[in-house]
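Note sheet for the following structure.
The values are calculated or read from the model by the stated rules, or taken from the named source; none is laboratory data. Remember, it's a predicted structure, so these values are computed and weren't measured experimentally. Counting neighbours? That spans all protein chains shown, and the Cβs are built from the backbone with ideal geometry, glycine included.
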Amino acid sequence: MEFTCSSCSNKIVVPDEKIPKGKRFSLTCPRCQEKIVVGSGDERSSNGESSPLSAQNGYVGEVDFAGSEEKIALICDGKHKDTIASLLGKLGYRVRVSGDPKEALTLMRFSLYDLVFIDEGFGGKDIAQNAPLQYVQSMSMENRRDMHVVLMSQKLQTLNNMDAYANSVDLVLNYADIGKLDIVIKKSLRDHDRFYKIFKESLVKLGKD
């Protein structure tokens, strides 16, 4: 589906499968940063004004859609968000920060992020009750392989592949190594791209992609 920004006339193409069915939602124009509200009709109150954007009238919140040359990242963390966001910005990512598990789940359901950081205690829950992490673990491989997931932990060891595998993430980053984030994330992304390049080439040869 195609949307046109009323502010700058930029055309934004959103895959149909990423549009919340029967719901109102908003997105930000990547050119001028104008907020665009779209959805099932323009509901108005009795005085003729647009109804407020709330869950009661079917509004699910703002969702992120990447342009053809754009990379998007989601940070589910409140402790180190500024440090992470600053680095990802330098690496060319458009960054969204979520401090609420419910909001994070909505974003992840309707947006396929290239990179996701999840704190092990996000939302005050322990790792076994971490909603965004549980969502990642339930994703189909078709979508999951295009997303690079980083689990931030106080106990687990940075770059420990067994811990990463046990939690269905691509990288574990210990809080103590935040200062090495630049080096660690670049290495992890290189390894991820190298692995899936070979994987996708194999699918093509087998006629499955």
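The residue of region 59-110 that is modelled with the highest pLDDT, among those that are acidic (Asp, Glu) and under 21 Å from residue 186 (Cβ atoms), is 82. Among the residues of region 142-168, those that are hydroxyl-bearing (Ser, Thr, Tyr) and closer than 16 Å to residue 185 by Cα comprise 153, 158.
Evaluate region 120-132: report whether one residue or more is at pLDDT 95 or above and either more than 19 Å from residue 100 (Cβ to Cβ) or within 13 Å of the chain's Cα centre (by Cα) (or both). No, because not a single residue in region 120-132 is at pLDDT 95 or above and either more than 19 Å from residue 100 (Cβ to Cβ) or within 13 Å of the chain's Cα centre (by Cα) (or both).
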